[in-house]
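Chemist: After the structure tokens below, expect a handful of questions from me.
The values are calculated or read from the model by the stated rules, or taken from the named source; none is laboratory data. Predicted model only: the values in this text are computed from it and were never measured. Positions of Cβ are backbone-derived with ideal geometry, glycine not excepted, and every protein chain shown enters the neighbour counts.
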Amino acid sequence: MGKIISIVNQKGGVGKTTTAVNLGAYLAALGKQVLLVDIDPQANATSGLGIDHKNLESGIYEAIIGAKPIFEITKRTLQEGYKIAPSTIALAGAGVELVNMENREYRLARILENIKDEYDYIIIDGPPSLGLLTINSLVAADEILIPIQSEYYALEGVGQLLETIGLVQNNLKPELGIMGAVITMYDGRNRLASSVMHELYQYFPNRVFRSVIPRSVKLAEAPSYGRSILHYDPGSRGGKAYERLAREVIDLEN
């Protein structure tokens, strides 16, 4: 059966979606079958892979509420072996609708459980918040990957996020693990970035990926062309960094 990885950080602008999209692309390029699940109502992962979410008839929202099976809403991407369960405008109201649903925290987990053996990796890109959609992404996951920007306020919300993860482990999914943290938007010329890295190792001893994602114009440009960095500029520093990260993730299984 495949591994479900939820990429989570309630702080926006930390490279969460960039990491989800590009890690998935490189895992697929390395021969893995990958599904990216976009449960962020902003649908940035969906548009970042070239899909016009505004014109989709259905997406992950319909799967979560039980209106359609997930395989009916799944779309192919440019990368062989890489599919996406897209987000649509309808997902914006899901956080409110989930409140009154039975087993509301397990909705995503149940639909992914049915297709888990079809993929090597299922990557969930959740919203930058700690609402019910994020709780669903945590409960559905085997492990959590936390992207953390190398800047002054980056660690401000990490304690709160770890507390939320702890609550999920204690009350909803005891076996939920933390795969680790990945440093994003790193600028080696900035002394502050180095001090943030040092602090991060205090939070996650032995759980910080060696691959560090640089601050990169190419990474920022790629989504506007509806492409992962693999299809936009694989030779860029950002492309090479995500390839290294994908190899590290695969190595964890060995």
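Chemist: Filter the range 83-118 for residues that are crowded, with 20+ Cβ neighbours inside 10 Å and assigned to a loop (DSSP other than H, G, I, E, B); which is farthest from the chain's Cα centre (by Cα)?
Modeler: 88
Chemist: In the range 153-168, how many are closer than 16 Å to residue 183 by Cα and either modelled with pLDDT of 85 or more or part of a loop (DSSP other than H, G, I, E, B) (or both)?
Modeler: Going through the range 153-168 one residue at a time, the tally reaches 5.
Chemist: Considering only the range 5-60, how many residues are more than 17 Å from residue 225 (Cβ to Cβ), surrounded by 24 or more Cβ atoms within 10 Å (Cβ to Cβ) and free of Cβ contacts under 8 Å to residues at least 60 places away in the same chain?
Modeler: Qualifying residue count, the range 5-60: 3.
Chemist: I need the full set of residues from the range 93-133 which are among the basic types (Lys, Arg) and without any contact (Cβ under 8 Å) to a residue 24 or more places away in the chain, in order please. If you could, list the steps in order and put the result at the bottom.
Modeler: Kept after step one, since they are among the basic types (Lys, Arg), are these residues of the range 93-133: 104, 107, 110, 116.
Once the filter is applied, which keeps residues that are among the basic types (Lys, Arg) and without any contact (Cβ under 8 Å) to a residue 24 or more places away in the chain, the range 93-133 yields only 110.
Chemist: If we keep just the residues of the range 38-67 that are among the β-branched types (Val, Ile, Thr) and over 11 Å from residue 21 (Cβ atoms), which is farthest from the chain's Cα centre (by Cα)?
Modeler: Start the filter on the range 38-67 by keeping residues that are among the β-branched types (Val, Ile, Thr), which leaves 39, 46, 51, 60, 64-65.
When the remaining residues are screened for being over 11 Å from residue 21 (Cβ atoms), the result is 39, 51, 60, 64-65.
Working: 39: 9, 51: 17, 60: 15, 64: 17, 65: 21 Å.
The qualifying residue farthest from the chain's Cα centre (by Cα) is 65.
Chemist: Identify all residues within the range 28-47 that are of a type in the set (Gly, Ala, Ser), part of a loop (DSSP other than H, G, I, E, B) and more than 11 Å from residue 80 (Cβ to Cβ); write none if there are none. Don't jump to the end; show me each part of the working.
Modeler: So in the range 28-47, the residues of a type in the set (Gly, Ala, Ser) come out as 28-29, 31, 43, 45, 47.
From what is left, the residues that are part of a loop (DSSP other than H, G, I, E, B) are 31, 43.
Passing the criteria: only 43.
Chemist: Please determine whether any residue of the range 226-238 is surrounded by 14 or more Cβ atoms within 10 Å (Cβ to Cβ), closer than 24 Å to residue 130 by Cβ and over 17 Å from the mean Cα position of the chain (by Cα). Write out each step before concluding.
Modeler: Start the filter on the range 226-238 by keeping residues that are surrounded by 14 or more Cβ atoms within 10 Å (Cβ to Cβ), which leaves 226-234, 236-238.
Narrowing further to those that are closer than 24 Å to residue 130 by Cβ: none.
Taking every residue of the range 226-238 in turn, none turns out to be surrounded by 14 or more Cβ atoms within 10 Å (Cβ to Cβ), closer than 24 Å to residue 130 by Cβ and over 17 Å from the mean Cα position of the chain (by Cα).
Chemist: Could you say whether any residue in the range 71-82 is assigned to a helix (DSSP H, G or I) and out of contact with any strand residue (DSSP E or B) (no Cβ under 7 Å at 6 or more places or on another chain)? It would help to see each step written out before you state the result.
Modeler: Just the residues of the range 71-82 that are assigned to a helix (DSSP H, G or I), to begin with: 71-73.
Narrowing the set further to residues that are out of contact with any strand residue (DSSP E or B) (no Cβ under 7 Å at 6 or more places or on another chain) leaves 71-72.
Yes, there is a match, as at least one residue in the range 71-82 is assigned to a helix (DSSP H, G or I) and out of contact with any strand residue (DSSP E or B) (no Cβ under 7 Å at 6 or more places or on another chain).
Chemist: A further question follows. Of the residues 31, 50, 2, 59, which is modelled with pLDDT of 95 or more and farther than 23 Å from residue 154 by Cβ?
Modeler: Values: 50 fails: modelled with pLDDT of 95 or more; 2 fails: modelled with pLDDT of 95 or more; 59 fails: modelled with pLDDT of 95 or more.
That would be 31, the only listed residue that is modelled with pLDDT of 95 or more and farther than 23 Å from residue 154 by Cβ.
Listed here are the residues, each with its yes/no results for (1) assigned to a loop (DSSP other than H, G, I, E, B); (2) modelled with pLDDT of 90 or more; (3) on the phi < 0 side of the Ramachandran plot.
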| site | (1), (2), (3) |
| --- | --- |
| 178 | no, yes, yes |
| 197 | no, no, yes |
| 206 | yes, no, no |
| 222 | no, yes, yes |
| 247 | no, yes, yes |
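Chemist: Okay, next question. Somewhere in the range 180-192, is a residue crowded, with 18+ Cβ neighbours inside 10 Å, in a loop (DSSP other than H, G, I, E, B) and at pLDDT below 90?
Modeler: Yes, the range 180-192 contains at least one residue that is crowded, with 18+ Cβ neighbours inside 10 Å, in a loop (DSSP other than H, G, I, E, B) and at pLDDT below 90.
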